[in-house]
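K.L.:
Pasting in a structure now, in structure tokens, and then I'll have a few things to ask.
Any read-out appearing in this document is the output of simple, stated calculations on the displayed coordinates, not a laboratory observation. All figures in this text were calculated on a predicted structure; none of them were measured in a lab. A quick note on method: Cβ atoms are made from the backbone with ideal geometry, for glycine too, and the neighbour counts reach across all protein chains shown.
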Amino acid sequence: MKIQQNYDNDVNLKIKRRRWMNVGLIYLILLLFSVLFMGTFLFGAISSLKDNPGSWPPTLKTEQLSLKNWIGAYKLARQGGGSGFFGELKSGYKVSLEVTYKYPKGIEIQPPQIIIPKRFKGTGRTALELDREFTADFVETKPAKEIDRIPEKDGTQVSYKVIVINTSQKDFSELPLDLVVPYKVKFIKATLFPNRIERLGMVQSWNNLVSGVIPYVFHNHFRVFNENYSRSTGKRLFTTWIFNSFFICIIKVITTLIFASMAGYALARLRFYGKNTLFIFILFSMMIPGQVTFISNYLVLRDGIFGLTKLFGGGSLLNTFTGLIISGLVGASAVFIMKQFFEGLPREMEEAARIDGASTYQIFAKIMLPLAKPALGALTILTFQGVWNEFFWPLVVLTSPMDKFTLTIGLLSFKDTYASGTFDWGPILAGAIISALPVIILFIVFQRYFIEGISFSGIKG
Amino acid sequence: MENKWSSLKEKTAPYILLSPFLFGFIIFFGYAFIRSLYFSFTDYDLFSIPNWVGIKNYINLFKEHLFATALRNSLTFAIIVTTLQTIFALLLAVVMNQKIRGIRYFRAAYYMPSVTSSIVITLIFMWMFQRQGVINYLLTIFRRYGLIIGVFLTFLVGIQLLLVVREKLRSRPVEYFEPGYIILSIILAAIITYVLKDFGIIKPIEAKAVDIFWLNTREKVPFWGGPFAFPRPLGAIMILNIWTTTPTFMILYLAGLQDIPRVLYEAADVDGATGLQKLWYITVPQLKHITFLVVTLGLIGTLQMFDQVKIIGNQAPLESTITLAYYVYQSAFPGASAPKVGMASAAAIILAVLTLTVVLIQKIFSGEGRELRD
């Protein structure tokens, strides 16, 4: 008896241990896959903070994510009279940067040359602000002052203090700086790590000493907003695109919800002539790529829906949101999802209502719609995601001016904006990450609906 | 009178409920499809009046080199991507189908690539596929540390086999992928590899950085593929596409997995089936209808691949990335030269017919298809 019990315990323990091992292994595999699926985004997001995401080797080490630089950026921005998180260089304020070099043996120790460069914001077609005032014309610098000297075996480490004073009556939002040292002198450290080290280490270059912590960290993200202006209205393009995308999404979500549930209900429950044929056509349309129908649709919009809208004084519907929206009020797949959902609901309530003398419209609005909440939730999310990410049709309809672009088409234009020889990957990645954020946030909050939506459209289909 | 009115109202109700949908559907699908068909037999150029030219466009298409390339690329792309993503989605779903804590978060994390737009993903991938990009860097690491990784894997497999065989000799019930042993083998192999590296017996190789042109190249892969080789930029897009769509289909499979009766697995356990056998003889057949759906959706999706080609644009030679969908767009809006709407429409019709045919063939072969109808 006792032996039997012992044996049972032993087996139980083994089974338990085995299950734990199993769980451990599964977690390990799941983690590995997470790296694969999430890692790309995280790496992209982290690299979008870097000064040059295209640098080799591509590492996770990012100056913009080091506490030391945050403190440095905070200090410098405070010295300039800003808040620390968002900085500026106010009239009469003095900014001092400490920087350390290593002079190898045989090279004369001399302080670095201080240059306040005159830089245009942006590159290529983004550099539009021609009549800008340069900070360099209004500030004074003093020769770098030596503050420390540590002799080492193969050379000497020397620290300098670089001081810039705003002697003018104006406030400035930025203070770029270049320090030049002789060849072979090595940069060791500074209050704020330079954005670039160029010409074999001879030039250390800062974009903006007084940016403050947040613009320092999200340098590229600020560039995305600040460097793209509309040529016709002067508004910030990226902000406009975000609004455009949101606007179109909201309208289309509303029209889809209303019209898809109406059509879906009719297809699921009502009897009418040609119902099966219509349903077959709906399925057929879901298999046909947009490239088959877009030429005709383009023409329809160009000529104002068979010329009808032109009769009423409207022009071409190309490059208008009306055109973009009217051609996609409700998708066939949305109708399909609603039809499948309504078919799955029990008929009893409906029949009871009909006996009580309710009309079709009353049944639809008072009974069926409230029951359809989960499907409508899923459809909202799916439609929002679909419209936010839509690429092909906006590409055809919206060509100019750039104010009319949606975020996806706008991002495509970044490929031209930030390509002069090589890509300036910083703002491109930053723009991509920003434009992915709304959908990712939506997904994290309404995760359940996403998964349900997929199952609705898939399994029951 | 009252009665007549309300009966009329009831009779028209379906049409009124359908009307907003039908408005868009008839104009922007029905009419558009018929007009595309019509344009494909004309020499229309978006501006002048179309002239009927018969099937000349179709004949010209098959004479054109670029169209043949596009057709080939589209088919290769559709077949390879659909196959791989279906397999990966199934395997991933099987791994994910566990009742363990936190599985929801993993599921959410995996699904992330599927919710983001093609432009965002493609831009990030273009950055990774640069000559001095992440992909080449990872390959460089593999080249440099390949020996060490190889040693680790050899020990891992060796120790695992040793442990399993030892248990089998004592005729204990044990699987080749016994989880406890795998963990033990990983730890042991890691220790041995570390010690070997520490003593300098195995060293990372001093290799040059990998410098593969992923986008700006006309090279074909695999180099031994002969007529079946495809351009490397297309391969890059394949990797991207598999990565983004696998999670979507994983969700479908997951839903299907939950419907498989547990009894089947319990019976298999009694018969002493291994994990692989269970996967092959129970899971795969039970998920047949989902596989049909996944393959159908996959084929429809991959055959109309357009976004990635447009976004990569001049970063890769046109012949290396062009697909049918892009060919249609390119012919209708060629930029500098005159639009060839006739040719574009003919290509579009071929794309539509191709999609329908492929789905039909798939349906016949799998003997399924009820799902799509009801």
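K.L.:
Per DSSP helix of 4 or more residues, -39500 (n - 2.57); summed, then divided by the residues of chain B. What does that give at 222 nm, rounded to the nearest 500? All intermediate terms of the calculation are to be shown ahead of the outcome.
P.N.:
Numbers: 17 runs with 256 residues, N = 374.
Mean residue ellipticity at 222 nm (helix-derived): -22500 deg cm²/dmol.
K.L.:
Among B:Ile239, B:Ile124, B:Ile322, which one shows the highest mean-square fluctuation when chain B is modelled as a Gaussian network with alpha-carbon springs under 10 Å?
P.N.:
The residue that fluctuates most here is B:Ile124.
K.L.:
If you take each beta carbon of peptide A:272-284 and count the beta carbons of other chains within 10 angstrom, what is the mean?
P.N.:
3
K.L.:
For segment B:232-357, list log₁₀ I(q)/I(0) at each q in 0.14, 0.20 Å⁻¹, using the Debye formula over Cα point scatterers of equal strength and ignoring solvent, two decimals each.
P.N.:
Scattering profile of segment B:232-357, log10 relative to I(0): -0.76, -1.12.
K.L.:
Find the Rg to Rh ratio for segment B:1-107, where Rh is the Kirkwood radius over alpha-carbon pairs and Rg uses the same atoms. Let's see the in-between values first.
P.N.:
Working: Rg = 25.7 Å, Rh = 20.4 Å.
Using only Cα positions, Rg/Rh for segment B:1-107 is 1.26.
K.L.:
Using a Förster distance of 30 Å, how high is the FRET efficiency between A:Leu311 and A:Phe279, based on the Cβ-Cβ distance and rounded to 0.05? Walk me through the intermediate numbers first.
P.N.:
Working: r = 35 Å, r/R0 = 1.15.
So the FRET efficiency works out to roughly 0.30.
K.L.:
Show that you can apply the helix-only estimate: for chain A, add -39,500 (n - 2.57) for every DSSP H stretch of four or more residues, divide by all residues, and state [θ] at 222 nm to the nearest 500. Working shown, then result.
P.N.:
Values: 16 runs with 229 residues, N = 461.
Value at 222 nm, helices only, nearest 500: -16000 deg cm²/dmol.
K.L.:
Once you charge only the Cβ atoms, +1 for Lys and Arg and -1 for Asp and Glu, what is the size of the charge dipole of chain B about its Cα centre, to the nearest 20 debye? Mind showing how you got there, number by number?
P.N.:
Details: 32 positive and 21 negative charges, 72 e Å.
Roughly 340 debye for chain B.
K.L.:
Given a Förster radius of 22 Å and the C-beta distance between B:Glu219 and B:Leu66 as r, what FRET efficiency does 1/(1 + (r/R0)^6) yield to the nearest 0.05? Provide the component values of the computation, followed by the final result.
P.N.:
Details: r = 19 Å, r/R0 = 0.85.
Efficiency for this residue pair is about 0.75.
K.L.:
Cα centroids of segment B:313-361 and segment A:353-382: how far apart, whole angstrom?
P.N.:
Comparing the Cα centres of segment B:313-361 and segment A:353-382, I get a distance of 42 Å.
K.L.:
What span do the alpha-carbon atoms of segment B:222-293 cover on each of the three principal axes, reported in whole Å from largest to smallest?
P.N.:
On the principal axes, segment B:222-293 reaches 49, 26, 17 Å in Cα extent.
K.L.:
Another question, then. Work out, step by step, the length gained on full extension between A:Ser168 and A:Ile188: first 0.36 nm times the residue separation, then minus their alpha carbon distance; give nm to one decimal.
P.N.:
Details: separation 20, 0.36 × 20 = 7.20 nm, distance 3.26 nm.
Contour length minus Cα-Cα distance gives 3.9 nm.
K.L.:
Sticking with this structure for a sec: Along the charge dipole of chain B, which of B:Leu188, B:Phe142, B:Val359 sits closest to the positive end, that is, farthest toward it, with unit charges on the beta carbon of Lys, Arg, Asp and Glu (+1, +1, -1, -1)?
P.N.:
Farthest towards the positive end: B:Leu188.
K.L.:
Given the Cα-Cα distance of A:Leu369 and A:Trp56 and 0.36 nm per residue of separation, how much length would full extension add, in nm? It would help to have the intermediate numbers written out before the result.
P.N.:
Numbers: separation 313, 0.36 × 313 = 112.68 nm, distance 5.66 nm.
Stretched fully, the A:Leu369-A:Trp56 segment lengthens by 107.0 nm.
K.L.:
What is the magnitude of the charge dipole of segment A:89-245 about its Cα centre, with +1 placed on the Cβ of each Lys and Arg, -1 on the Cβ of each Asp and Glu, and no other charges, expressed in debye to the nearest 20?
P.N.:
With Lys and Arg at +1 and Asp and Glu at -1, about 280 debye.
K.L.:
Taking the alpha carbon gyration tensor of segment A:1-47, what are the square roots of 5 times its eigenvalues, largest first, to the nearest whole Å? Numbers along the way, then the final one.
P.N.:
Details: eigenvalues 391, 7, 3 Å².
With the √(5λ) rule applied to segment A:1-47, the semi-axes are 44, 6, 4 Å.
K.L.:
Once a ≥ b ≥ c are taken as the square roots of the eigenvalues of the Cα gyration tensor of segment B:75-209, is the result rounded (a/c under 1.5), prolate (a/b larger than b/c) or oblate (a/b not larger than b/c)? Don't jump to the answer; show the numbers that get you there.
P.N.:
Details: a/c = 2.30, a/b = 1.24, b/c = 1.85.
Oblate, since a/c reaches 1.5 and b/c is not below a/b.
K.L.:
Which residue, chosen from A:Leu317, A:Ile440, A:Ser173, occupies the Cα position most advanced towards the positive end of the dipole of chain A, where the dipole is computed from +1 (Lys, Arg) and -1 (Asp, Glu) charges on Cβ about the Cα centre?
P.N.:
Of the listed residues, the answer is A:Ile440.
K.L.:
Then there is this: Given +1 on the Cβ of Lys and Arg, -1 on the Cβ of Asp and Glu, and no further charges, what dipole in debye does chain A carry about its Cα centre, rounded to the nearest 20?
P.N.:
On the way: 50 positive and 32 negative charges, 173 e Å.
For chain A, the charge dipole is close to 840 debye.
K.L.:
Can you tell me, using C-alpha contacts under 8 Å and at least 6 residues apart, the relative contact order of segment B:97-237 as a whole percent?
P.N.:
Details: 109 pairs, mean separation 37.0, N = 141.
Contact order relative to length: 26 percent.
K.L.:
A follow-up question, please. For the cross-link pairs B:Lys220/B:Lys310; A:Lys105/B:Lys208; A:Lys252/A:Lys415; A:Lys61/B:Lys220; A:Lys68/A:Lys184; B:Lys99/B:Lys278, which exceed 24 Å when the distance is taken from alpha carbon to alpha carbon? It would help to have the intermediate numbers written out before the result.
P.N.:
Working: B:Lys220/B:Lys310 20 Å; A:Lys105/B:Lys208 33 Å; A:Lys252/A:Lys415 28 Å; A:Lys61/B:Lys220 35 Å; A:Lys68/A:Lys184 26 Å; B:Lys99/B:Lys278 18 Å.
The answer is A:Lys105/B:Lys208; A:Lys252/A:Lys415; A:Lys61/B:Lys220; A:Lys68/A:Lys184.
K.L.:
Another one. Using a Cα-Cα cut-off of under 14 Å, which aspartates and glutamates could be cross-linked to B:Lys168, ignoring same-chain neighbours fewer than 8 residues away?
P.N.:
Within the straight-line limit of under 14 Å, B:Lys168 reaches these aspartates and glutamates: B:Glu178.
K.L.:
Still on this structure, I have one more. Which three numbers, in whole Å and largest first, are the semi-axes of the equivalent ellipsoid of segment B:132-211 derived from its Cα gyration tensor as √(5λ)? Let's see the in-between values first.
P.N.:
Working: eigenvalues 212, 42, 14 Å².
Ellipsoid semi-axes (Å, largest first): 33, 15, 8.
K.L.:
Something else about it: I need to check one value: relative contact order of chain A, counting alpha carbon pairs closer than 8 Å and at least 6 residues apart, in percent.
P.N.:
Numbers: 649 pairs, mean separation 79.3, N = 461.
Relative contact order for chain A comes out at 17 percent.
K.L.:
Given the C-alpha atoms of chain B, compute the convex hull and give its volume per residue in Å³.
P.N.:
On the way: hull volume 90.1 nm³, N = 374.
Output value, Cα hull per residue: 241 Å³.
K.L.:
Provide, as a two-decimal number, the C-alpha radius of gyration of chain A over 2.2 N^0.38 Å, N being how many residues it has.
P.N.:
Working: Rg = 31.5 Å, N = 461, 2.2 N^0.38 = 22.6 Å.
That works out to 1.39 for chain A.
K.L.:
Would you mind computing, in nm to one decimal, how far apart the modelled labels at A:Ala45 and B:Ile103 are, each placed 7 Å from Cα along Cα→Cβ?
P.N.:
For A:Ala45 paired with B:Ile103, the spin-label model returns 2.6 nm.
K.L.:
Still on this structure, I have one more. What number, in percent, do you get for the relative contact order of segment B:132-211 if the mean sequence gap of Cα pairs under 8 Å and at least 6 apart is divided by its residue count?
P.N.:
Working: 65 pairs, mean separation 41.9, N = 80.
Relative contact order comes out at 52 percent.
K.L.:
When the scattering of the protein assembly as shown is computed by the Debye formula from its Cα atoms alone, each counted once and equally, what is log10 I(q)/I(0) at q = 0.06, 0.08, 0.09 Å⁻¹?
P.N.:
-0.53, -0.89, -1.07
K.L.:
Can I ask one more? Based on Cα coordinates alone, diagonalise the gyration tensor for segment A:237-458, multiply each eigenvalue by 5, take square roots, and list the semi-axes in whole Å, largest first. Provide the component values of the computation, followed by the final result.
P.N.:
Details: eigenvalues 267, 101, 43 Å².
With the √(5λ) rule applied to segment A:237-458, the semi-axes are 37, 23, 15 Å.
K.L.:
Among A:Phe218, A:Ser413, A:Ala268, which residue has its Cα positioned farthest towards the positive end of the charge dipole of the protein assembly as shown, with +1 placed on the Cβ of Lys and Arg, -1 on the Cβ of Asp and Glu, and the dipole taken about the Cα centre?
P.N.:
Highest projection toward the positive end goes to A:Phe218.
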